[in-house]
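Read the structure below first, then the notes.
Derivation of every value follows stated rules applied to the coordinates shown; laboratory data play no part. Remember, it's a predicted structure, so these values are computed and weren't measured experimentally. All Cβ positions, glycine included, derive from the backbone under ideal geometry; neighbour counts span all protein chains shown.
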Amino acid sequence: MEMRINLIISQSINIKLFQVVSNIDQYLFFWLATVVSSYFPGPYSYYERVSKMIVPRSVQRLVFSSSSKSWNLVTPLSKRYFSHSLRPLNKLEESTDSLPLLSALPREVPKEIAEEIVNPADKYKDQSQELHKFGQYIMTSLPKFVQKFSVWKDELVIYVGPNSLTPVMTYLKNHTSCQFTLVADVTGADYPSRVNRFDVIYNMLSVKFNSRIRVKTYASEVSPVPSIVPLFEGANWYERETYDLFGIFFENHPDLRRILTDYGFEGHPLKKDFPTTGYTEVRYDEEKKRIIYEPLELTQAFRNFSVGSSVWEQVGEGKDYTPTDFKLPTPEPEPQPESTEKK
């Protein structure tokens, strides 16, 4: 009779626990079930079935020992937790004795861990040595005409005077070791600070030996350079283009006229002292129904961007943070002209 009463009481308590299991933690529920079973002894198989149906095994291992069949509530939970959590580690430690040591295993050493820093010019080291020999050979052959030579990577440059240009070009074209029969380009460069402000540059190509050479000479605004059109007919338009853009005169040129700019154009655009705006303005006139040329009119010689409106979105207060040392002094006002009228 007493055991039947205990069974009824325990079943009623379990029903209450089923109602609140959704609101409490599973671990707390399983712990409460162990307390209830200790105070209300009943069939062990019934509580075992209830706990296994509701609580996962991971929670069960934290409360009960797998080797003990009794409900031990005296042992602290932390002690039981660590005793069960360290047991697999002990087994793992025993099982790792037979494993090989990874640091002692043989490994393949890479050939190059990092690429070495290489000078790009070293790529043409062998070729540059051959060009030095060839440049020295040209200077030995033409000691009165070639001033010097230079080599950079795979480029050989020969420097000659204006009077030496024709014999050097004849040598480079007809010599069996050169055969530079093609003029790839003729251009110029402006250096206003020098006495002979212009450099005239000839880029030559040898089809037979598949090689290039560059010849440089110099000129001023009044001293001409001999034309190479009698030797290379393909240099005709190249020299006209150089004259049009730089103003370099080529002596004995068959037709030295402008080739890129318009008729009546003033100045030479690639000179450093040529204004970027030009001198004239070309536009279409609606009244005359034709294109007209007129002097360039600039509303403002120097545009000051610090005043006036701007189409761009303004950012910040626009304060001038220029140091005082870099600011120009404010000009003094001009004196008022004295009145010629007698008072």
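Some points to look at:
- Annotation: for a label point projected 7 angstrom from Cα along Cα→Cβ of N174, residues of the stretch 203-238 with backbone N closer than 18 Å are 227-234.
- Given K148/K208; K153/K272; K133/K153; K148/K216; K123/K148, the pairs whose alpha carbons are separated by over 20 Å: K148/K208; K153/K272; K123/K148
- Built amide H within the under 5 Å cut-off of V225, gap 5+: F249, F250, E251
- At an R0 of 45 angstrom, the distance between the Cβ atoms of V282 and D122 translates into a FRET efficiency of 0.30.
- Size of charge dipole - the stretch 122-251 - debye, nearest 20, with Cβ of Lys, Arg +1 and Asp, Glu -1, no other charges: 480
- Under Stokes-Einstein, with the Kirkwood radius over Cα pairs as Rh, the value for the stretch 167-234 at 20 °C and 1.002 mPa s is 166 µm²/s.
- Pairs of C-alpha atoms in the stretch 121-170 farther apart than 16 Å represent 40 percent of all such pairs.
- What the phi angles of the stretch 204-213 give under the Karplus curve with 6.51, -1.76 and 1.60, with θ = phi - 60°, is a coupling list of 10, 10, 9, 6, 5, 9, 6, 9, 10, 8 Hz, glycine and proline written as x.
- Maximal additional length on extending the V207-S141 stretch stands at 21.6 nm, based on 0.36 nm per residue less the C-alpha distance.
- Positive-end ranking of F198, H175, G234 along the dipole of the stretch 122-251, with charges on Cβ about the Cα centre, is headed by H175.
- Estimated FRET transfer efficiency (R290, Y159; beta-carbon r; R0 41 Å; 0.05): 0.25
- 3J(HN,Hα) along the stretch 163-175: 6, 9, 5, 5, x, 5, 5, 5, 5, 5, 7, 9, 5 Hz, from the Karplus curve 6.51 cos²θ - 1.76 cosθ + 1.60 with θ = phi - 60°, whole Hz, x for Gly and Pro.
- Volume per residue of the C-alpha convex hull in the stretch 122-251, rounded to whole Å³: 110
- The residue list V282, G264, P254 was ranked by how far each Cα lies along the charge dipole of the stretch 242-301 toward its positive end, using unit charges on Cβ atoms, and P254 comes out on top.
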